[in-house]
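Okay, so here's the structure we're looking at.
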Amino acid sequence: MNGDITRIHTGTPENLTERFATRAAQMKPSEIRSLFAVASRPDIVSLAGGMPNLSALPMEMMSNVVARLISENGAEALQYGSGQGHPKLREQICDVMALEGIRAHPDDVIVTTGSQQALDLISRIFIDPGDVILAEAPSYVGALGTFAQYEAQVVHVAMDNDGLIPDALREAITTTRAAGRHIKFLYLIPNYQNPMGVLLPADRRTEILEICRDAGIFVIEDNPYGLLGFDRPSPNAMRAQDSENVIYLGSFSKTIAPGFRVGWALVPQSLKEKIVIASESSILCPSNFSQLAISSYLSDQPWRDQIASFTQLYKVRRDAMLESLDQHFPASATWTRPKGGFYVWVTLPPEIDTKVMMPKAIVAKVAYVPGTAFYADGFGSWSMRLSYCYPEPERIRAGIKSLAGVVKQEMEIRGLD
Ligand code: PMP
């Protein structure tokens with residue numbers, strides 16, 4: 001043993017591929033994942049990953065919460081628990097959701113291993129191969145990967161700087177149905193969307209809910225960033241208006257810490273049993289340890305103030321990114337101006353392929369995610385997602401300056417100004 005645990009990945013041998021189930025063909029590494037190895041080099045300013053910044057989380061306090069949990073309630077914390085999730089935490093989750101206007105019963109909450117698991121469970125229950133999922137254009141790469149694994153076809157619906165466009169949704173429903181396809185649900189991220197950073201206004205929320213209700217299409221409201229608004233609270237959650245047709249996904253990954261892997265789904269009563277059964281078959285129960293750690297933290301610590309500290313930290317980084325984009329990027333580029341969350345979405349002239357540009361950015365010591373990662377259909381080649389959540393503000397400024405240099409060079413090569 002030399003202690004070296006890295007292995008060279010040589011791909012899946014042909015004869016093994018033949019033995020996989022058909023759906024395994026859809027199990028591909030996301031563009032983001034293959035980027036991480038390069039982007040995590042210390043000399044690179046990574047504007048690629050969307051990792052929450054835990055520097056504002058007092059680790060000593062967390063350590064006390066966990067130590068007390070083990071000494072006072074270790075036998076429960078280290079035991080199996082309920083498949084639906086711990087009852088006390090489910091009550092507390094209802095208090096968290098009340099901040100966004102949701103009145104929920106703890107019995108309708110299912111705790112999951114991050115909201116990513118909720119996406120998997122919902123996909124497993126709803127998607128037959130060839131079904132259509134409507135999603136924003138662009139959309140969250142992790143959700144697109146899950147839908148692909150269940151062999152869904154994603155139909156993207158156009159967005160503008162106010163999020164999903166209701167008329168585009170109407171049109172997508174009509175065209176898809178005219179082609180004889182089954183639409184299973186609309187998936188959207190109304191608050192500080194990943195990857196665009198945009199916020200869906202209250203009137204559009206109402207209109208989109210009406211469209212989906214009339215069309216008999218469930219809405220999956222994915223909301224990990226809703227409490228991370230910089231200047232004012234986000235509009236009420238869509239679920240606050242509709243408890244029958246909305247499946248709401250929440251997560252503590254961005255408001256506490258992703259390492260606990262605790263998220264949840266708030267579901268219409270009619271769906272609860274199926275989702276719990278599906279979850280039990282994949283994980284038996286969510287981690288009691290993580291759930292009780294979060295529960296103690298919510299009971300004993302000033303969690304609202306902690307969210308305010310996180311938000312302040314992200315706001316400073318958002319400002320650093322927008323100021324440097326304004327200062328250095330060419331006039332022909334456009335970008336969103338997020339009012340919360342982690343991301344800025346940059347659109348370059350269509351002649352520029354951000355995937356092709358990536359190696360040059362790495363040489364210039366900056367990384368981003370090329371836009372095509374956020375589309376199921378190969379679109380987005382002249383866009384990119386920039387995350388400001390993680391690096392220090394000075395590093396963000398330096399990274400944007402270098403990236404602007406790379407973009408300008410690409411434009412010069414193509415005779416653009
Ligand atoms: N949805 C969105 C929009 C996300 O950005 C993320 C994480 N980046 C998730 C879901 C999954 O989060 P988690 O599983 O950590 O709750």
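The values are calculated or read from the model by the stated rules, or taken from the named source; none is laboratory data. Since the structure is predicted, the reported quantities are computational estimates derived from the model, not experimental observations. Virtual Cβ from ideal backbone geometry, glycine too; neighbours counted across all protein chains shown. The accessibility values were calculated without ligands, DNA or RNA, using every heavy atom of the protein model including side chains. Shrake-Rupley method; radii C 1.70, N 1.55, O 1.52, S 1.80 Å.
A few remarks follow.
- To put it simply, the accessible area of the chain at a 1.4 Å probe is 52 percent carbon and sulfur.
- Cα pair distances in the range 4-162, grouped into 10 Å bins until the bin that holds the longest one, percent each: 7, 20, 31, 29, 13, 1
- Taking the helices alone, the chain has a mean residue ellipticity at 222 nm of -14000 deg cm²/dmol, built from -39,500 (n - 2.57) per DSSP H run of at least 4 residues and averaged over all its residues.
- Spatial separation of Cα centroids for the range 106-130 and the range 378-417, in angstrom: 35
- Exposure check, 1.4 Å probe, all protein chains in place: F36 carries approximately 90 Å² of accessible surface.
- 1.4 Å probe accessible area per residue over the chain, in Å²: 46
- Calculated P(r) tail over 34 Å for the chain, as whole % of Cα pairs: 33
- Dimensionless Rg over Rh [the range 80-300; C-alpha; Kirkwood]: 0.95
- Using a Förster distance of 51 Å, the FRET efficiency for D417-L57 (Cβ separation, nearest 0.05): 0.70
- Entry note: the range 28-81 has Rg to Rh equal to 1.22, where both radii use alpha-carbon atoms and Rh is the Kirkwood radius.
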